[in-house]
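**Student:** I have a structure I would like to understand better, so I am pasting it below and will then ask my questions one at a time.
The values are calculated or read from the model by the stated rules, or taken from the named source; none is laboratory data. Since the model is a prediction, treat every value here as computed from it, not as a measurement. FYI the Cβ positions are ideal-geometry reconstructions off the backbone, even for glycines, and counts take in every protein chain you see.
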């Protein structure tokens with residue numbers, strides 16, 4: 001009895017899934033995403049001032065024209081000469097990309113004095129000496145955007 005009930009529930013579930021999938025395909029694009037009154041060209045003309053519709057459209061057109069004129073300035077000889085040096089300051093190279101994004105975290109040196117001692121299976125005297133070694137075994141790097149100035 002229980003098995004029949006489980007099989008009938010599974011069959012009903014399968015039928016419901018099939019109906020939902022096929023029902024989703026029956027929806028039309030225009031019903032799901034209705035068209036507006038304005039085309040993309042109308043929106044562009046309105047926002048860029050192409051159809052100078054009143055004072056707001058004329059002001060937008062004037063601002064656009066002023067911005068374009070600022071970009072059309074002539075290059076002077078001094079500007080041509082200084083362009084490579086100015087571009088080098090912000091040009092991305094493999095080296096400055098790595099060093100700028102992944103900064104090395106400080107790894108301070110520890111100075112240790114080793115006292116005179118006897119070493120080996122046949123104890124031999126070792127004079128005292130000073131040695132230097134890094135605090136961390138490996139070089140550590142900061143994640144991009146992590147501050148390293150506070151260290």
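**Student:** Please tell me if residue 32 is surrounded by 11 or more Cβ atoms within 10 Å (Cβ to Cβ) and at pLDDT 70 or above. Write out each step before concluding.
**Tutor:** Details: surrounded by 11 or more Cβ atoms within 10 Å (Cβ to Cβ): no; at pLDDT 70 or above: yes.
Taking the combined requirement at face value, the residue does not satisfy it.
**Student:** Given the structure, is residue 121 loosely packed, with under 10 Cβ neighbours inside 10 Å, over 23 Å from the mean Cα position of the chain (by Cα) and farther than 30 Å from residue 42 by Cα? Full working, then the answer.
**Tutor:** Values: loosely packed, with under 10 Cβ neighbours inside 10 Å: yes; over 23 Å from the mean Cα position of the chain (by Cα): yes; farther than 30 Å from residue 42 by Cα: yes.
When the stated conditions are applied, residue 121 passes them.
**Student:** A further question on this structure: Suppose we keep only residues that are closer than 17 Å to residue 135 by Cβ and free of Cβ contacts under 8 Å to residues at least 24 places away in the same chain within the stretch 109-118. Which one would you say is nearest to the chain's Cα centre (by Cα)?
**Tutor:** Ranking the candidates gives 111 first.
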